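What follows is a set of notes on a single structure, which appears directly below.
The values are calculated or read from the model by the stated rules, or taken from the named source; none is laboratory data. Keep in mind that what you see is a predicted model, and the values were worked out from it rather than measured. Methodologically, a virtual Cβ is constructed for each residue, glycine included, from the backbone with ideal geometry; neighbour enumeration extends over all protein chains shown.
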Amino acid sequence: MSQVRVRFAPSPTGPLHIGGVRTALYNYLFAKKTGGTFILRIEDTDQARFVEGAEEYIMEALKWCGIKVEEGIEEGGSCGPYRQSDRKEIYRQYADLLVEKGDAYYAFDTTEELDYLRSESEKAGNTFIYNAGTRDKLNNSLSLDSAVWNKKLSDHEACVIRYKMPLSEDIHFNDIIRGNIVVNTGTLDDKVLFKSDGMPTYHLANIVDDHLMLISHVIRGEEWLPSLPLHIMLYRSFGWDAPLFAHLPLLLKPDGKGKLSKRDGDKMGFPVFPLFWPYGETAKGYREEGYYPEAFVNMLALLGWNPGTEQEIFTMEELAEAFSLDRVGKSGSRFDPEKAKWFNHQYLIKKPVEELAMEFREFLRSHGYHIDIIRLDILINLVKERVSFVKDIWDQTDFFFKAPDNYDQEVIKKRWKEETPATLLELRSLLSSTDDFTPAGTEAAVKAWIEEKGYNMGAVMNAFRLVIVGASRGPHMFDIISWIGKTETLSRIDKGLSAIGR
RNA sequence: GGUCCAUUCGUCUAGUGGUUAGGACGUCAGGUUUUCAUCCUGUUAACAGGGGUUCGAUUCCCCUAUGGACUACCA
């Protein structure tokens, strides 16, 4: 098998969508699996859609994901440049080559003329196609007198180069994921290969670059499938061996139909982009939402591909080892934000406590709390199983840092009895005289007292929790009071008694 | 409209010409717990429809339906 070389070829028109990230990931995994090379090529042949910052965003997003580019703008490589606008001079000669061969021709029709033809056709219920059936009636080097079009050329009249699609010919081609496909050229149109602005279109640039960059496998989104026949024809016209193709299924909206878009994320509160997009209409990112890149990548990898085993948690290395194109599904995958959270939870609970503590310390700082890292370790161990994100730890631990401002009415109704204040007073004095304020120490003392007095464990502990936490939630009481300390514990009992009273 | 692609629990999916159609997320229930959560156990629920082929089709073929992509001098 010849050397595997794959490329991820986004166009820098905005933030990279997670569908794009998945395409990059599958390319990367395939390269790693086969010992091949992963290349990043920027397809910026559309000057009108250029977006400032998009290229940097793409590179940063891949880095965050742990997808390492081997050849690209920053990395260099023997097949550069890797930005199509920097390869501008390359394309024209190939377009000309096709014209010389008779597989392409010059066309002088203006956008307005073509738009008019299209709308007229539509009114008549037909579809306008620029192809063998219509090209003779249009303005091009096939229909016009050679003197006429040569003059247009020498006058530098606006002109594009179109591919001359055969009248009717079945094109057979193979897709690694979808198998054999047949399309008749009669349904295809004479696509523009070279624009009047001096830039190639995607179709030409793509074929030329993939050939020049020795790409062995083209792994891209399903939206490219309809243009594959054209690409196959192009390879044929150039006399080049075509790479192998794999068209990945789309990522769909979580609800309803259609492909995943930014709006879905906004509507349902989950990110559609890996990183925060800071320009123009901003968009939130997985990174900023608190997702770990490993979890994000793991989740994405399993959306459309499966290992054929029941393993769900994979490191990047394991993914690369297990990956294969023939285990990629054919149908679109609906994205499930809930499962994305679950993946993050899996990674979070496996993180070393010290790391989580460091992360949470930053969070606390921004909320005005400065807590010793050792104490945070203890805290994290108490609650990490309960959260999916570090930022969620706060919701589970706020009462560790401040006494309750109010007390859950439902719990008061259920747990606050006639004798409760007296019992809590007893408990207060017991704790006050307990020197060993470790969880084990207070637990032993309190349980012995409850037993001795014949109290009901649930009644006492729930009332106790109410004055300490303010609600019916949180880790074990003795862990809580040990962490907040004796002074705070006693003060919260006092505060609770006077607030709830009776 | 035309071309192409797709269709297994709500979701991601496994799977085979003969299976109790398996797993995960979610849901629900029970258990554990001083509470909530976790956790454990269990439950739930699927082969789009119709024709073939076949002794037998979820699996192979055809049609229909539904969904999707594409249909630009955008990628």
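Side notes on the structure shown:
- Number of the condition not met by residue A:89 [criteria: (1) closer than 30 Å to residue A:76 by Cα; (2) touching a strand residue (DSSP E or B) at 6+ places or on another chain (Cβ under 8 Å)]: (2)
- Test: residue in the stretch A:165-172 that is surrounded by 20 or more Cβ atoms within 10 Å (Cβ to Cβ), assigned to a loop (DSSP other than H, G, I, E, B) and at pLDDT 95 or above: yes
- Answer residue from the stretch A:198-217, given it is under 13 Å from residue A:89 (Cα atoms) and not aliphatic (A, V, I, L, M) and is surrounded by the fewest Cβ atoms within 10 Å (Cβ to Cβ) among those: A:198
- Summed over the stretch A:295-331, the residues that are under 22 Å from residue A:244 (Cα atoms), within 19 Å of the chain's Cα centre (by Cα) and within 9 Å of RNA strand B (Cβ to nearest atom) give a count of 6.
- Some residue of the stretch A:464-481 being over 20 Å from residue A:374 (Cα atoms) and exposed (fewer than 13 other Cβ atoms within 10 Å of the Cβ): no
- Scope the stretch A:204-238; condition more than 14 Å from residue A:191 (Cβ to Cβ), out of contact with any helix residue (DSSP H, G or I) (no Cβ under 9 Å at 6 or more places or on another chain) and within 11 Å of RNA strand B (Cβ to nearest atom); matching residues: A:222, A:223, A:225
- The stretch A:21-56: number of residues that are without any contact (Cβ under 8 Å) to a residue 60 or more places away in the chain, surrounded by fewer than 24 Cβ atoms within 10 Å (Cβ to Cβ) and within 16 Å of RNA strand B (Cβ to nearest atom): 7
- Once the stretch A:312-342 is narrowed to residues that are of a type in the set (S, T, N, Q) and under 19 Å from residue A:30 (Cβ atoms), the residue that is surrounded by the most Cβ atoms within 10 Å (Cβ to Cβ) is A:333.
- Residues of the stretch A:57-84 satisfying the condition of being within 16 Å of RNA strand B (Cβ to nearest atom), more than 23 Å from the chain's Cα centre (by Cα) and part of a loop (DSSP other than H, G, I, E, B): A:81, A:82
- Selection status of residue A:201, near RNA strand B (Cβ under 7 Å from one of its atoms) and either modelled with pLDDT of 95 or more or charged (D, E, K, R) (or both): yes
- Scope the stretch A:466-487; condition among the β-branched types (Val, Ile, Thr), touching a residue at least 12 places away in the same chain (Cβ under 8 Å) and more than 8 Å from RNA strand B (Cβ to nearest atom); matching residues: A:467, A:468, A:480, A:481, A:484
- Residue check, residue A:458 within 9 Å of RNA strand B (Cβ to nearest atom), of a type in the set (Gly, Ala, Ser) and in a helix (DSSP H, G or I): yes
- Of the residues screened, residue A:481 is one that is assigned to a helix (DSSP H, G or I), within 52 Å of the chain's Cα centre (by Cα), of a type outside the set (Ser, Thr, Tyr) and modelled with pLDDT of 95 or more.
- In the stretch A:332-346, the residues that are over 18 Å from residue A:248 (Cα atoms) and free of Cβ contacts under 8 Å to residues at least 60 places away in the same chain reach residues that are in a loop (DSSP other than H, G, I, E, B) and more than 7 Å from RNA strand B (Cβ to nearest atom) with C-beta atoms within less than 7 angstrom, at least six apart or across chains, in these pairs: A:341/A:388; A:344/A:291; A:344/A:292; A:344/A:388; A:344/A:389; A:345/A:388; A:346/A:313.
- Hits in the stretch A:47-67 (condition: touching a Lys or Arg at 6+ places or on another chain (Cβ under 9 Å) and of a type outside the set (A, V, I, L, M, F, W, C)): A:55
- Condition check for residue A:11: surrounded by fewer than 21 Cβ atoms within 10 Å (Cβ to Cβ), of a type in the set (Ser, Thr, Tyr) and either part of a helix (DSSP H, G or I) or at positive phi (or both): no
- Annotation for the stretch A:416-425: no member residue is under 19 Å from residue A:289 (Cβ atoms) and within 16 Å of RNA strand B (Cβ to nearest atom).
- Residue in the stretch A:114-137 that is assigned to a helix (DSSP H, G or I), touching a strand residue (DSSP E or B) at 6+ places or on another chain (Cβ under 6 Å) and among the hydrophobic types (A, V, I, L, M, F, W, C) present: no
- Residue in the stretch A:380-401 that is surrounded by fewer than 16 Cβ atoms within 10 Å (Cβ to Cβ), touching an Asp or Glu at 6+ places or on another chain (Cβ under 8 Å) and in a helix (DSSP H, G or I) present: no
- Enumeration of residues in the stretch A:416-452 that are of a type in the set (D, E, K, R) and part of a helix (DSSP H, G or I): A:426, A:428, A:443, A:447, A:451, A:452
- Criterion violated by residue A:378 - all others in (1) in contact (Cβ under 8 Å) with a residue 24 or more places away in the chain; (2) within 16 Å of RNA strand B (Cβ to nearest atom); (3) closer than 29 Å to residue A:24 by Cα satisfied: (3)
- For residue A:355: the one exception among (1) near RNA strand B (Cβ under 9 Å from one of its atoms); (2) over 25 Å from residue A:247 (Cα atoms); (3) among the acidic types (Asp, Glu): (1)
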